[in-house]
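Here, each number is a calculation from the coordinates, and none is a lab measurement. Remember, predicted model here, so these are calculated numbers, not experimental data. Note that we place each Cβ from the backbone using ideal geometry, even for glycine, and neighbour counts take in every protein chain shown.
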Amino acid sequence: MPKRKRTKREGEYSPMPRALMLKSRRMFCEVCGTRYGQIRATPSVDDAVFLKVKQVIDHIFPVRFILTLKLDPHVEVNMLSCCGTCHGRKLKHEDKIFRGDVLGFMAGLNRIGYPAARVRTAAMHFGFLEVEKFVPKAQAEKEFLALTEKER
C-alpha cells in the first residue's frame, strides 16, 4: 500500500511561553495514564527496546492551524500533558485538521484516547461551532450522567 502524501501545514510555529508550559506539567500522561520517568518496553517481543517515558506539553489544536485563524494557540484550555508515545500517535491525525476536517481530527483524538471533554472544551474556545452541532452540550451531559449511574 503506497504511503499517503503528507498534507502541507500552513503558517509559522510560535514557541510556547515558559510560564504556561510549567503550569501545564503533570505527573502522569493525561491520555494513557503512564507515570513520567517510568521505564517502558516497546511492544516488539524479539527486539524490545526500553524507553524512559518523557513528558510532552501538547497543544490539543496545532499551533500553526490556530495561528492561521489569527487566534492565540497558547491558552491553558488548549494545553495537555502527554507522553511522547501518545503525542506521536496524535501527529498522524493532525493532517486532517489542515485539510479542514475538524470533526475527523477530533474523532482521531478520541480513538487514541485523548480526553474528549478537554478536546471539546478547546474546540468550543476556538469557536468550532460544528462541534456543538455534532455533540450538543445537553446530550453530552446526559450521556455522562447515564454512564455514572451504570457504574454505581
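List of remarks:
- Segment 56-67 - phi-based ³J(HN,Hα) in whole Hz, Karplus 6.51/-1.76/1.60, Gly and Pro as x: 10, 8, 10, 8, 4, 9, x, 4, 4, 5, 5, 5
- Net +/- balance of residues flanking G84 in space, Cβ distance below 12 Å, scoring K and R +1, D and E -1: +4
- Count Lys and Arg as plus one, Asp and Glu as minus one, and take only other residues whose Cβ is under 11 Å from that of G37; the net charge is then +4.
- Here S81, S14 are placed in order of increasing Cβ neighbour count within 10 Å, fewest first, which gives S14, S81.
- As a length-normalised measure over Cα pairs under 8 Å and 6 or more apart, the relative contact order of segment 59-113 settles at 29 percent.
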